[in-house]
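Okay, structure first, notes after.
The values are calculated or read from the model by the stated rules, or taken from the named source; none is laboratory data. Every value quoted in this text rests on a predicted model; they were computed, and no experiment measured them. Note that we place each Cβ from the backbone using ideal geometry, even for glycine, and neighbour counts take in every protein chain shown. For the accessible areas, the whole protein counts, side chains as well, though only heavy atoms, and no ligand, DNA or RNA atoms are used. Shrake-Rupley method; radii C 1.70, N 1.55, O 1.52, S 1.80 Å.
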Amino acid sequence: MQQYLRNKLNLNAATEVELKEFPFLSPLQIVSFMNYRRLFGKLISIYELQAVPGWDVETIQKMLPFITVGAALSTKEDLRVRLKEGEHSILSRATYVFEKSRGFRLKGDTTASSFYPGSRERLLVRYKYQYKNLLQYGITGEKDPGEQWFKGAQKNGFDFYSAHLFVRNLGIVKALAIGDFTVNMGQGLMQWQSLAFRKSVDVTNIKRQATLLRPYNSTNEYFFNRGAGITLEKKSFQFTAFASFRKVSGNIVADTSTNAEDYFSSLLTSGLHRTRNEQSDKNQVQMNSFGGNISYNKNNLHVGINGVHFQFNRPFNRDDVPYNRFAFRGTKLTNYSLDWSYTWRNLHWFGETALHQSKYLAFTNGLLMSADPKVDISLVYRNIQPQYQTIFGNAFTEGSLPTNEKGLFGGVSLKPSSKWRLDAYMDLYRFPFLRFRIDAPASGKEFLVQLTHKPNKQLEIYTRYRQESRPLNFNPDNEAIEPVVNAVPRKNWRIQAQYKVSSVITLRQRLDAMWYDKKGPLQSNGFLAFFDVFYKPMLKPFSGNLRLQYFETDNFDSRIYAYENDVLYGFSIPAFFDKGFRYYTNVNYDVSKQLSIWLRLARTTYLNRQTVGSGLDEIAGNSRTECRVQLLWKF
C-alpha cells in the first residue's frame with residue numbers, strides 16, 4: 001500500500017490481479033469495475049467511480065489515496081529503466097525492554113542449565129529497491145532478544161536472513177521470483193502463505209484473493225518458500241511453477257530402537273533461537289517442496305488446477321495422543337486441488353476442492369451476493385475430512401488448519417442510509433473427530449451483530465455483540481475419560497466512539513466487556529476501556545498518537561484483545577488479562593523527504609501481580625516497559 005501511495009495505480013490500465021492487492025475490495029466490486037471499463041471504455045474522471053455498480057462512497061474514499069485516472073501508459077519498460085529509476089530504502093528498527101527478565105539474569109550463572117546468552121534488544125535491518133510494482137529486490141536481517149550477534153551460535157550476525165528478487169510483466173512472464181517468496185493457491189485449503197483473515201465484522205471478506213506468487217520481505221521465519229517461481233501468461237491461460245529448498249526448525253527426537261532413524265515431532269514456527277535447546281533445533285529439518293498451477297481466466301470465469309508436494313529429510317511423527325490419530329506422519333505429503341470462481345450479474349460463486357494423498361477430501365464453497373445496493377450477503381460452506389492434512393493450509397475455517405471440520409457461515413451487511421450500517425454473521429460448525437482439548441466429536445456456534453452510526457463526517461459510533469459457544473474438555477472430578485462440554489459460551493459486548501475534533505486531532509474511546517461461561521462452573525468476567533488521541537497536522541513533518549487503557553479480568557479465559565498502533569510496518573494485537581493499566585505513545589517525524597524517524601514507548605503495569613511473564617521471560621516486578629525506534633532512509 002505504501003508503494004501505491006508513491007506510485008498511484010492508473011485505473012485505466014489496472015488489471016484484476018492488481019486490484020486484488022487492495023484488501024477492502026470485494027470480488028464483486030473488482031469484477032463490476034472490470035465489466036464497467038470493458039463496456040464503457042476508459043474512465044474520464046475519478047468521479048466516474050460513483051457510477052460503477054457496487055462501489056459505494058466508503059469504498060471510493062478508501063481507494064482515493066492509491067489511485068489515479070489518466071492515459072493508459074505501457075508498463076513494458078525495459079530492464080535497464082527498471083534497474084535505474086527505482087527507489088532504494090533502508091529500514092532499521094531496534095526494540096528494547098527495560099526490565100531484565102529471568103533468562104538474562106541467569107546469564108553468567110554457571111549453575112543455570114538454561115538462559116539467554118545474547119543481548120536484550122530486538123534488531124531489524126532491511127534494504128529494498130523497488131521500481132513501481134514491476135521490480136523489487138532486497139535483503140532482510142533480524143535478531144530476537146536473547147539471540148547472540150556476531151558471536152557464539154550466531155557468528156554470521158543476524159539469526160535470520162532473507163533475500164528476494166521479484167519481477168512482474170516482462171513479456172509473457174507475469175511474475176518471476178528468485179530467493180524468498182510466498183505461494184497462495186485457491187481458497188487456502190492447500191497452500192496460503194500471505195496474510196488472510198477469518199471471521200470478522202467485514203462479513204463480505206470471506207474469499208481468499210491474492211496473486212499466486214508474491215515477494216517476501218518480512219521477518220517471520222517459517223511461512224515462505226526459498227527457491228524460485230515463475231508465472232507465464234498466454235491469452236486466457238496462466239501457468240505457474242515453483243520449487244523451494246530450505247531448512248526449518250524442528251523438535252528432533254532420537255529413536256533408540258533397532259533400525260530406526262531420528263524423527264521430528266513438530267515444526268517450530270516461533271523463530272526463536274536463544275537457549276541451547278532452541279539452538280539445537282534450528283534448521284534441523286530439510287523441507288523441499290515443488291508445485292504449480294494451470295488456470296484459465298476469461299471475463300467472469302476462473303478455473304485453476306493446483307498441486308504441491310513436500311519432502312522431508314527425516315520422518316515427521318507427531319506425539320502419540322488420540323487427537324493426532326489422523327495427523328500427517330512420514331517424509332512425503334502431496335496435495336491437489338481444483339479452484340474456481342464465476343460472476344453472473346450480482347452473484348459471485350467461488351470454491352475449492354482439494355485432495356490429500358489422492359484419497360482424503362476437503363471442500364469449500366462460497367457465494368457473495370449483492371441483493372440490493374443496500375444489502376450484501378455472504379455464504380461459505382466447508383467440509384474437510386479428519387484425514388485431510390496440509391503444511392501451509394490457511395482456509396476460511398474455525399480451526400487454525402483446514403482439517404476435521406464441517407461448517408456453514410452466513411453474513412449480511414445492511415446499509416439503509418449513508419448514516420447507518422448493520423453487519424451480522426452466524427457460523428455453525430462441527431468437528432467430526434477429536435481435537436486438542438476436545439476429546440470427542442463436538443459442535444460449536446458463533447454469531448456477531450454490529451450497528452454503526454455515522455451522523456456526520458466528524459463522528460462515528462458503533463456497538464457490537466459477539467457470542468461463541470465452543471466445545472471444551474471439563475473434568476473437575478479427574479475422571480479417566482475427560483467429558484466434553486459442548487457449549488462453553490463466551491460473550492463480548494463493545495461500544496466505540498470516534499470523533500474528529502478538527503483536521504488535526506481525532507479522539508477515540510472504547511469499552512469492552514467479556515463474560516465467559518456465565519453462571520457456569522468456569523465462569524469469569526472481564527472489562528477493558530481505552531482512550532486514544534491522534535494528532536496529524538496537514539503539511540507538517542510530525543504526527544503521533546497516545547493511548548491510555550485500563551483492564552480487569554478474572555483469569556485468562558476472559559481475556560480481551562485490543563489492536564495497537566505501532567511504527568510503520570509494525571502492529572500487535574495483544575491479549576489483556578488480570579488487572580492493570582496500559583499506555584503507549586507513537587511519534588513520527590519526517591526529517592526530510594528521504595529520512596523519517598518513529599519512536600514508540602509502551603508500558604503495562606499490573607495491580608495484583610509481583611511478576612510479569614513466566615519461565616525465562618519472567619520479570620521481577622509488576623511492570624513491563626518497551627521502547628522501539630525506527631529509521632527509514634529513501635534514496
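If you average 1/r across every pair of different Cα atoms in region 383-494 and take the reciprocal, what Kirkwood value do you get, in Å?
16.4
Residue separation times 0.36 nm, minus the C-alpha to C-alpha distance between Arg38 and Arg345: what's the value?
Gain in length upon complete extension: 109.1 nm.
Sort Arg494, Arg345, Arg329 by accessible area with a 1.4 Å probe, largest first.
Descending accessible area places them as Arg345, Arg329, Arg494.
Roughly what would the spin-label model give for Gln610 and Ile573, points 7 Å off Cα along C-beta, in nm?
3.6
What is the gain in length, in nm to one decimal, between Met1 and Tyr129 on full extension, counting 0.36 nm per residue of separation less the C-alpha to C-alpha distance?
44.5 nm
Solvent-accessible area per residue for the chain at a 1.4 Å probe radius, Å²?
Result: 49 Å² per residue.
Dipole of region 15-115 (Lys/Arg Cβ +1, Asp/Glu Cβ -1, origin at the Cα centre): which of Leu106, Pro23, Val69 lies farthest to the positive side?
Leu106
Just read off the accessible area of Arg6 with the full protein assembly in place, 1.4 Å probe, to the nearest 10 Å².
Roughly 100 Å² of Arg6 is accessible to a 1.4 Å probe.
By the scheme Lys and Arg +1, Asp and Glu -1, what is the net charge of all other residues having a beta-carbon under 13 Å from that of Val17?
Net charge in that neighbourhood comes out at 0.
Largest first, how would Leu43, Leu408 line up by accessible area (1.4 Å probe)?
Leu408, Leu43
Let me cross-check His164: its accessible surface, 1.4 Å probe, with only protein heavy atoms counted, in Å² to the nearest 10?
That residue has around 10 Å² of solvent-accessible surface.
Hey, if we sort Phe581, Phe166, Phe534 by accessible area with the 1.4 Å probe, largest down, what's the order?
Greatest to least solvent exposure: Phe581, Phe534, Phe166.
Going 7 Å from the Cα of Ala94 toward and past its Cβ, which residues in region 111-151 have a backbone nitrogen under 12 Å from where you end up?
Label zone hits: 120-124.
Rounded if a/c is under 1.5, else prolate if a/b beats b/c, else oblate: with a ≥ b ≥ c from the C-alpha gyration tensor eigenvalues square-rooted, which is region 1-103?
oblate
How big is the dipole moment of region 1-107 about its Cα centre under a simple scheme where the beta carbon of each Lys and Arg is +1, that of each Asp and Glu is -1, and everything else is neutral? Debye, nearest 20, please.
I would put it at about 700 debye.
Assuming R0 = 45 Å, can you tell me the calculated FRET efficiency for the pair Leu361 and Tyr47, based on Cβ-Cβ distance, to the nearest 0.05?
Numbers: r = 49 Å, r/R0 = 1.08.
The formula returns an efficiency of 0.40 here.
Please name whichever of Ser266, Ser200, Phe237 sits farthest to the positive end of the charge dipole of region 182-267, dipole taken about the Cα centre and charges placed at Cβ: Lys and Arg +1, Asp and Glu -1.
Towards the positive end, the residue furthest out is Phe237.
Sort the following peptides by mean Cβ neighbour count (other Cβ atoms within 10 Å, averaged over residues), highest first: 218-229, 309-320, 393-404.
393-404, 218-229, 309-320
Which whole-angstrom value gives the distance between the alpha carbon centres of region 175-222 and region 302-379?
14
Enter the accessible area of Lys454 (Å², nearest 10), with the probe set to 1.4 Å and all protein chains included.
80
Please work out which option in [x] 1.00; [y] 0.94; [z] 1.06 gives Cα Rg over 2.2 N^0.38 Å calculated from these coordinates, and answer with its label.
[x]
Leaving out ligands, DNA and RNA, and with a 1.4 Å probe, what % of the accessible surface on the chain is carbon or sulfur?
Values: 17930 of 31350 Å².
Reported share for carbon and sulfur atoms: 57 percent.
Going by average Cβ density within 10 Å per residue, which order do the peptides 613-622, 184-193 take, highest to lowest?
The packing order, highest mean first, is 184-193, 613-622.
Rounded to the nearest 500 deg cm²/dmol, what is the calculated helix-only ellipticity per residue at 222 nm for the chain, with -39500 (n - 2.57) per DSSP H run of length n ≥ 4? Present the calculation step by step, with values, prior to reporting the outcome.
Values: 7 runs with 46 residues, N = 635.
About -1500 deg cm²/dmol.
For region 539-556, in order, what is each residue's ³J(HN,Hα) by Karplus, 6.51 cos²θ - 1.76 cosθ + 1.60 with θ = phi - 60°, in whole Hz (x at glycine and Pro)?
So the Karplus estimates, Gly and Pro as x, are 6, 10, x, 10, 7, x, 8, 9, 10, 10, 9, 10, 9, 7, 9, 6, 6, 5 Hz.
Regarding region 140-188, what is the average projected area of its C-alpha convex hull, in nm²?
Numbers: hull surface 22.1 nm².
Taking the Cα atoms of region 140-188, their convex hull projects to 5.5 nm² on average.
Determine the percent antiparallel among the DSSP beta bridges restricted to region 1-157, to the nearest 5.
Of those bridges, close to 90 percent are antiparallel.
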